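The values are calculated or read from the model by the stated rules, or taken from the named source; none is laboratory data. Note that the coordinates shown come from a computational prediction; the quantities given were computed from them, not determined experimentally. Here Cβ is always computed from backbone atoms with ideal geometry, including for glycine, and neighbour counts include all displayed protein chains.
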Amino acid sequence: MKGNTSAHIALITLNLLYAISYFVIKSVAPDYLGANGFVFIRASGAFLLFLTIDAFLPKDKVDKKDYKKFVFAALFGVVFNQLSFFNGITYTAPNYAAIIMTTTPIIVLVISALYLKERITKNKIIGMVLGGIGAVTVILHNKISKEAPNPLLGNLLIFSNAANFGFYIVYCKPLIMKYKPFTVLKWVFLPGALILFPIGLPDLIESSWDFPFEIWISILYVVVAITFLTFLLNMFAISKVSPNVATSYIFLQPFMSAILSYFIDDQIIDFYSILASTLIFTGVYYVSFKKA
């Protein structure tokens, strides 16, 4: 952590916020608000926050050619990944979702190799194989329960979220190095919210909006904590460290989620989840930390 302590603290904080979000989102969607409508509220609320704060900061001059890049980043960082995540979490258990999300560093490695032409070493190949086996193990672990009515579909959607977010992290790196964080986030969330509006509108119309107080707090948490704060912390972190290092911190989420599951639902992590976690964590170690 030497030299980049603040970036590492930011990464630990944002992963704790994400671990809590698995339980918060399930408390809202789909019983009180459909997942697509929830995603639109998240994106539009975060955009308004970024826009408001950016109004008081020095302005970046954005190159016209970069507007298309912001729209493309919005598709993967706001639209595809969040639709996958919010819909996926309604079908699967928080523990499964947290484990699958730990494949993100391996996905980032593959995308970095293809997009940034980064060299793939022997250790990274070993890590990719181990992580891939771990991901398949948890995705195919079809244990149906009240909190996981369709785990296979939910797990596949969560993996789609991880893949889309992995691409977003790599694709946004040049934009983050070129512009201030609020500039990037404002121009990513604006097209994201506009694209999500017609997708989320049916859920907004169908909802009664007669929510208990704790549900409103949950919605506020999603907008402020796991959108505004986490994206800002993530932008700050990957401006200081590489995408691979930033995403490797995601391995904290299953442990945090397991602890929360025990206290919230009195659930203990099962054998398949432990096996998958071990494989994925070992894979991430080979990808991000083990030297040649």
Next on the checklist: Just the residues that are surrounded by 15 or more Cβ atoms within 10 Å (Cβ to Cβ), free of Cβ contacts under 8 Å to residues at least 40 places away in the same chain and assigned to a helix (DSSP H, G or I), please, taken from the range 111-127.
Outcome noted: Ala113
Checklist entry - Which of the residues spanning the range 182-202 are of a type in the set (Phe, Trp, Tyr) and either surrounded by fewer than 19 Cβ atoms within 10 Å (Cβ to Cβ) or in contact with a strand residue (DSSP E or B) (Cβ under 6 Å, 6 or more places away or on another chain) (or both)? => result Phe197
Checklist entry - Has the range 192-207 got at least one residue that is under 29 Å from Phe167 (Cα atoms), within 18 Å of the chain's Cα centre (by Cα) and not small (Gly, Ala, Ser)? => result yes
Next on the checklist: Residue under question is Lys65, and the condition is that it be in a helix (DSSP H, G or I), charged (D, E, K, R) and either touching a Lys or Arg at 6+ places or on another chain (Cβ under 6 Å) or surrounded by fewer than 19 Cβ atoms within 10 Å (Cβ to Cβ) (or both); does it hold?
Outcome noted: yes
Item to check | Residue among Phe56, Phe76, Phe80, Phe23 that is surrounded by fewer than 23 Cβ atoms within 10 Å (Cβ to Cβ) and either free of Cβ contacts under 8 Å to residues at least 60 places away in the same chain or over 18 Å from the mean Cα position of the chain (by Cα) (or both) | outcome: Phe56
Checklist outcome for this item: Selection over the range 173-182 where residues are in a helix (DSSP H, G or I), at pLDDT below 90 and either farther than 13 Å from Leu232 by Cα or among the charged types (D, E, K, R) (or both) yields a count of 3
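In the range 89-106, what residues are assigned to a helix (DSSP H, G or I) and either modelled with pLDDT of 95 or more or more than 17 Å from Gly37 (Cα to Cα) (or both)?
Those that are assigned to a helix (DSSP H, G or I) and either modelled with pLDDT of 95 or more or more than 17 Å from Gly37 (Cα to Cα) (or both): Pro94, Asn95, Tyr96, Ala97, Ala98, Ile99, Ile100, Met101, Thr104, Pro105, Ile106.
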Checklist entry - Any residue in the range 241-252 that is over 25 Å from Leu190 (Cα atoms), at pLDDT below 90, not hydroxyl-bearing (Ser, Thr, Tyr) and not in a helix (DSSP H, G or I)? => result yes
Item to check | Pair list, Cβ < 6 Å and 6+ apart or interchain, from the range 128-147 residues that are surrounded by 13 or more Cβ atoms within 10 Å (Cβ to Cβ) to residues that are assigned to a loop (DSSP other than H, G, I, E, B) | outcome: Gly131/Thr103; Ala135/Thr103; Glu147/Ala93
Next on the checklist: I need a count of the residues in the range 102-141 that are farther than 16 Å from Thr282 by Cβ and of a type in the set (Gly, Ala, Ser).
Outcome noted: 2
Next on the checklist: I'd like to know if the range 203-212 contains one or more residues that are aliphatic (A, V, I, L, M), crowded, with 19+ Cβ neighbours inside 10 Å and either out of contact with any strand residue (DSSP E or B) (no Cβ under 7 Å at 6 or more places or on another chain) or modelled with pLDDT of 95 or more (or both).
Outcome noted: no
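Does Ser277 fit the bill of being under 17 Å from the mean Cα position of the chain (by Cα), buried (at least 22 other Cβ atoms within 10 Å of the Cβ) and closer than 25 Å to Lys143 by Cα?
Here the answer is no, as Ser277 does not meet what is asked.
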Item to check | Among (1) under 29 Å from Lys180 (Cα atoms); (2) out of contact with any Leu (no Cβ under 6 Å at 6 or more places or on another chain) - the single one Phe50 does not satisfy | outcome: (2)
